[in-house]
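One structure below.
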Amino acid sequence: MAHRRPPLVRALQLNTAVMVVEIAAGIDSNSFSLIMDGIHNLSDEVALVLLVLAYSLRAGLSGRLLRCANLFNSVGLLAISAFVILRVVERLSRPVEVLGIVPIIAGLFGAAANWGVAHVLREPSKEDVAIRLAYVHNLGDTLVSLIPVAAGVLIFATGNSVFDSLFALLIAAVVVITTLQAVVGSHEELLWPENVSCGHARSDQGI
């Protein structure tokens with residue numbers, strides 16, 4: 001299953017770039033929607049690291065790492081989203097000024113890079129449910145990264161920073177819904193990753 005590793009490494013590199021840019025830009029501009037999207041990518045970062053390790057080690061340990069990757073990429077996202085929702089609610093009661101142009105630029109960069117991650121993972125996702133979960137999340141991330149862009153446009157046009165907090169809540173809602181859908185759709189494979197086998201291995205057995 002070592003052939004799965006190269007696309008995962010490329011996806012990890014792209015995701016790292018998105019995470020660093022969005023979190024740094026979000027902190028610099030006081031954009032909570034951008035920080036929320038960056039934190040979302042942080043969870044993807046850990047999951048991708050675990051997937052890379054899973055396909056670099058022997059089968060027994062690899063299966064356990066796949067389970068950890070699946071757990072973090074699903075339950076972890078839900079926990080992070082719950083925490084961020086609480087922080088956003090706090091910010092709604094104490095608004096801060098947000099520099100609207102920064103979420104626009106960083107969000108567009110994030111959307112392009114997340115599309116690149118999904119593109120890299122598309123082919124291996126057809127054979128592996130763990131990679132498919134990462135693929136689905138990053139495909140959704142392409143649209144989610146446009147939410148800070150919309151918030152930045154509204155802030156830039158109206159001067160009202162409350163849009164940043166409202167759109168951060170929207171990102172959290174999207175994360176929760178898509179994560180639950182992915183978990184329900186792949187319930188058995190996520191709980192028992194040892195059932196997931198390499199597509200090439202299945203072909204060899206069928207000959």
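Assorted remarks:
- Single residue of the range 12-48 satisfying the filter (of a type in the set (Ser, Thr, Tyr) and crowded, with 22+ Cβ neighbours inside 10 Å) that is farthest from Arg132 (Cα to Cα): Ser29
- Test: residue in the range 44-53 that is part of a helix (DSSP H, G or I), under 21 Å from Leu170 (Cβ atoms), among the charged types (D, E, K, R) and at pLDDT 80 or above: no
- Filtered residues of the range 89-125 (kept if at pLDDT below 90, surrounded by fewer than 17 Cβ atoms within 10 Å (Cβ to Cβ) and small (Gly, Ala, Ser)): Ser93
- Counted residues, the range 139-168 - those being more than 20 Å from the chain's Cα centre (by Cα) and open to solvent by less than 40 Å² (accessible area, probe 1.4 Å): 3
- Any hit, the range 128-141, residues being in contact with a Pro (Cβ under 7 Å, 6 or more places away or on another chain) and in contact (Cβ under 8 Å) with a residue 40 or more places away in the chain: yes
- Asp128 vs. criteria open to solvent by less than 30 Å² (accessible area, probe 1.4 Å), among the acidic types (Asp, Glu) and modelled with pLDDT under 85: yes
The values are calculated or read from the model by the stated rules, or taken from the named source; none is laboratory data. Keep in mind that this is a model prediction, so the values were computed, not measured. Cβ sites come from the backbone with ideal geometry, for glycine too, and all protein chains shown count toward neighbours. Only protein heavy atoms, including side chains, enter the accessible area calculation; ligands, DNA and RNA are left aside. Shrake-Rupley method; radii C 1.70, N 1.55, O 1.52, S 1.80 Å.
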